[in-house]
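Undergrad: Below you will find the structure I want to go over with you.
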C-alpha cells in the first residue's frame, strides 16, 4: 500500500471547491429560492397578530451605520462557502438536509409567532442599497434572525472543513471575524434587534452542533486532507 502524506491545505480546499461545482451551484440556488418563497409568503401574509420586538439597552447604544450594509449583504457569499467545500454528493446532500431543517424551523417560528422590528425613526432612502433592501427584505420575520442563524450554521461548518484540511489559524480567524461582521451588521443597519440576534444565534448553533454530531460515519473518514502517494511514481 502506498504511504499516505498530508495534502497541502490549499490543494485540499481547491479540490473541494472544484468537486461537483455545477451541482453545488444549482443546489444552492434552488434551495435559496425555495426558502425565500416561504419566507416572503409569511412576510406578506402573517397568519397571526404581528409582535413588535422590544429593544434593549444595547440596541439603543448601537448607532445606525449604513456602511455595515455591505457586511450584511456578504452573507449571500458566506453561506455558499460551506456547501461549496463539500467533497461528495452524499456529503452535499446531508449538508442540504440539515440546512433545510434549520430553515424550516425558522419558518415555523414565523408561522406561529410573526414578529417585526419597529420602523426606523429616520429616512434611509438616501443611503445606497437601502431602498432595495426595504423592497426585498422588510423588517418582518424578525425573530429569530435567519440572517444570524444561517451565519452561525455556516461559521461552524466552515470551521469544521478548515480543521479537516489543516488550514492555518489565520483562516479560522478570518472565518470568525466575517461571521461577527455579519452578526453586527444586522444590528448596525437596524434590520434586527439584539433579541432577534440571540435567538438566531441559538437556532444556528443548535443545528450546527447537531449536524456535526449526527453525520454519516462514512463521511467522517473522507477529509480531503490526505492523499495516497506511490513512491514508485
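The values are calculated or read from the model by the stated rules, or taken from the named source; none is laboratory data. A quick note: this is a predicted structure, and the numbers were derived from the prediction, not measured. So basically every Cβ, Gly included, is an ideal-geometry build from the backbone, and we count neighbours across all protein chains shown.
Undergrad: I'd like to know if region 134-147 contains one or more residues that are at pLDDT 65 or above and part of a helix (DSSP H, G or I).
TA: Scanning region 134-147 turns up at least one residue that is at pLDDT 65 or above and part of a helix (DSSP H, G or I).
Undergrad: Would you confirm whether any residue within region 9-31 is outside any helix (DSSP H, G or I), at pLDDT 90 or above and under 24 Å from residue 167 (Cα atoms)?
TA: Checking region 9-31: at least one residue is outside any helix (DSSP H, G or I), at pLDDT 90 or above and under 24 Å from residue 167 (Cα atoms).
Undergrad: Which numbered condition trips up residue 7, out of (1) within 24 Å of residue 148 (Cα to Cα); (2) more than 21 Å from the chain's Cα centre (by Cα); (3) buried (at least 18 other Cβ atoms within 10 Å of the Cβ)?
TA: (1)
Undergrad: Exactly one of (1) under 16 Å from residue 181 (Cα atoms); (2) within 22 Å of the chain's Cα centre (by Cα) is unmet by residue 39. Its number?
TA: (1)
Undergrad: Ok, one more. From (1) over 22 Å from residue 41 (Cβ atoms); (2) modelled with pLDDT under 90; (3) within 17 Å of the chain's Cα centre (by Cα), pick out the condition that doesn't hold for residue 180.
TA: Among (1) over 22 Å from residue 41 (Cβ atoms); (2) modelled with pLDDT under 90; (3) within 17 Å of the chain's Cα centre (by Cα), the lone unmet condition for residue 180 is (2).
Undergrad: Quick check, is residue 64 more than 20 Å from the chain's Cα centre (by Cα), closer than 25 Å to residue 119 by Cβ and surrounded by 13 or more Cβ atoms within 10 Å (Cβ to Cβ)?
TA: Judged against the criteria, residue 64 is a match.
Undergrad: Another question, if that's okay. Outside any helix (DSSP H, G or I), more than 16 Å from residue 23 (Cβ to Cβ) and out of contact with any strand residue (DSSP E or B) (no Cβ under 6 Å at 6 or more places or on another chain) - does that describe any residue in region 70-87?
TA: Checking region 70-87: at least one residue is outside any helix (DSSP H, G or I), more than 16 Å from residue 23 (Cβ to Cβ) and out of contact with any strand residue (DSSP E or B) (no Cβ under 6 Å at 6 or more places or on another chain).
Undergrad: Could you list, in sequence order, the residues of region 176-191 that are surrounded by 18 or more Cβ atoms within 10 Å (Cβ to Cβ) and not in a loop (DSSP other than H, G, I, E, B)?
TA: Residues satisfying the conditions are 178, 179, 181, 182, 183, 185, 186, 187, 188.
Undergrad: Please pick out the residue among 173, 158 that is buried (at least 19 other Cβ atoms within 10 Å of the Cβ) and at pLDDT 95 or above.
TA: Among 173, 158, only 158 is buried (at least 19 other Cβ atoms within 10 Å of the Cβ) and at pLDDT 95 or above.
Undergrad: Name the residue that is farthest from the chain's Cα centre (by Cα), counting only residues in region 192-233 that are modelled with pLDDT of 90 or more and not in a helix (DSSP H, G or I). Before the answer, list the steps.
TA: Initial filter on region 192-233 (modelled with pLDDT of 90 or more): 192-212.
Next, only the ones that are not in a helix (DSSP H, G or I) stay: 192-193.
Numbers: 192: 16, 193: 18 Å.
By that ranking, first place goes to 193.
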